[in-house]
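The values are calculated or read from the model by the stated rules, or taken from the named source; none is laboratory data. Remember, it's a predicted structure, so these values are computed and weren't measured experimentally. Cβ sites come from the backbone with ideal geometry, for glycine too, and all protein chains shown count toward neighbours. SASA here: full protein model, heavy atoms, side chains in, ligands and nucleic acids out. Shrake-Rupley method; radii C 1.70, N 1.55, O 1.52, S 1.80 Å.
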Amino acid sequence: MQEFDVIIIGGGVIGLSIARELKKNGVERVAILEKNGVCGKEASSAAAGMLAPQAEADKADDFFRFCQESRDLYPQFAAELLEEKGIDIELDQTGTLYLAFDEEDLEEIERRFEWQQAAGLPVEKLDEWDIAAVEPNLSKFVVGALRFPLDWQVENKKIIDALVRRAKNEKQPEVVPAEIDDLLFNNGKVIGAKSFYREFFAPVVVIASGAWTSLINYSENVAESVKVTPIRGQMMTFTSPNLNYGEKLFQHVIYSPRGYIVPRRDKRILVGATVENVGFQFGVTGAGLASLLEIAFEISPQFRNLILKKTWAGLRPKTPDGLPLLGEYPENSGLYFATGHYRNGILLAPITGKLIAEKIAKGVDSPFLKIFNPSRFVNNS
Ligand SMILES: Cc1cc2nc3c(=O)[nH]c(=O)nc-3n(C[C@H](O)[C@H](O)[C@H](O)COP(=O)(O)OP(=O)(O)OC[C@H]3O[C@@H](n4cnc5c(N)ncnc54)[C@H](O)[C@@H]3O)c2cc1C
């Protein structure tokens, strides 16, 4: 029998961030139960690493503010990971462009410009000449763009590397290979979790199991509240080997209304991503690759000469309203959820870790833990 202060089910960027913050808040015995045995191999590695609240949002609602707050934590998060673990997560603050190719796209960027400006957000409108000056390698069919100077990017795999790297003599968190099927309760209070082979005990259990969240057995009300669907995203990456050291074909993260490209420090350029409701299928398909190539070629003719390096797919965890599931479940003391981050889990890792850990360790309540509490689905029915 193994006992801990907190058990976290799932070692993706969300579970790992919570574990780090628990440690900062003085919680000693933390276990991450991970079905793969190794942390961070799923959506958190598949992601494109964009920190893009403004490029992704349609309005300034609670979720947008949540995303903004997490984005604002990133400079300190990056500095702390460098200091604690010696790993540079490559926070790139050049900004993001959102391109228009025709009248319809221009209307879309005008609409976005208006609400973002009215909300007091930093956003710039660029014409063809401005765009050619900042990104000379884009398609000549680009007719306008928005620039979001505060939408950034990171190398998400380096975040995982940093979060799993232990300092010398550090024993926590303990990563235990285990696929959890069931939770253990005593009079409605959670007391642990169970795999086919083993039981683990703790007064606090955090579900951070991403797209697999709904596969765990819950009580009827909880099951009603945590319907998480896997949404496949296919990606590809190119390299530009003919560039000299320090040269980059593109400076910004660049969105079209159909997809995006992300230029990385090591000359790779990521192209993403499909959005497909196909269950637990990881395959990269012909149709997926074709749509990614369309996105790439629309943004820049340069892709015709770049070298295709790799393709992959990951599963985003999506809830019925597209918003995360965060906080303690009201009917089951000690049972926490930190999942359903869908398209924004990398962006939201710092704030999720902070709020969940502060609630567990110190009882600090954030309004976001109420707004995104999973019980919203039961209350509304
Ligand atoms: C193609 C693609 C591009 C993306 N781009 C971005 C982006 O640019 N910016 C951004 O912010 N977000 C992006 N995302 C979304 C982001 O990747 C996810 O929201 C985030 O990684 C979710 O993190 P997680 O820790 O909840 O899930 P995961 O990383 O999937 O981790 C969940 C972990 O739980 C484990 N697990 C599951 N069930 C169990 C169980 N029963 N027992 C034990 N372990 C279990 C899994 O093995 C896994 O390791 C993208 C996602 C995809 C697929």
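Structure notes:
- As a summary of the residue check, R376 satisfies the conditions (1) modelled with pLDDT of 95 or more; (2) open to solvent by less than 40 Å² (accessible area, probe 1.4 Å) except for the one numbered (1).
Okay, residues lined up against (1) among the charged types (D, E, K, R); (2) open to solvent by 50 Å² or more (accessible area, probe 1.4 Å); (3) touching a Ser or Thr at 6+ places or on another chain (Cβ under 9 Å); (4) modelled with pLDDT under 95:
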residue	(1), (2), (3), (4)
A19	no, no, no, no
L33	no, no, yes, no
A46	no, no, no, no
L51	no, no, yes, no
R65	yes, yes, no, no
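Residue-by-condition table, conditions (1) acidic (D, E); (2) farther than 30 Å from P330 by Cβ; (3) open to solvent by less than 40 Å² (accessible area, probe 1.4 Å):
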position: Q93; (1), (2), (3): no, yes, no
position: L106; (1), (2), (3): no, yes, no
position: Q116; (1), (2), (3): no, yes, yes
position: S139; (1), (2), (3): no, yes, yes
position: G188; (1), (2), (3): no, no, yes
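- Residue in segment 312-352 that is farthest from the ligand (Cβ to nearest atom), counting only those that are of a type in the set (V, I, T) and part of a helix (DSSP H, G or I): I351
- Just one residue in the set P324, P320 is open to solvent by less than 10 Å² (accessible area, probe 1.4 Å) and modelled with pLDDT of 95 or more; that residue is P324.
- Scanning segment 1-56 for residues that are over 17 Å from D181 (Cα atoms), of a type in the set (S, T, N, Q) and near the ligand (Cβ under 10 Å from one of its atoms) turns up S17, S44, S45.
- Elements of type strands (runs of 3 or more DSSP E) contained in segment 133-198, each with 3 or more residues being within 16 Å of the ligand (Cβ to nearest atom) and acidic (D, E): none
- Among residues of segment 199-213 being of a type outside the set (F, W, Y) and outside any loop (DSSP other than H, G, I, E, B), the one that is surrounded by the fewest Cβ atoms within 10 Å (Cβ to Cβ) is E199.
- Taken over segment 5-17, the criterion of being buried (at least 24 other Cβ atoms within 10 Å of the Cβ) and not β-branched (V, I, T) is satisfied by G10, G11, G12, G15, L16, S17.
- Qualifying positions in segment 214-239 - buried (at least 18 other Cβ atoms within 10 Å of the Cβ), of a type in the set (A, V, I, L, M) and outside any loop (DSSP other than H, G, I, E, B): V222, I231, M235, M236
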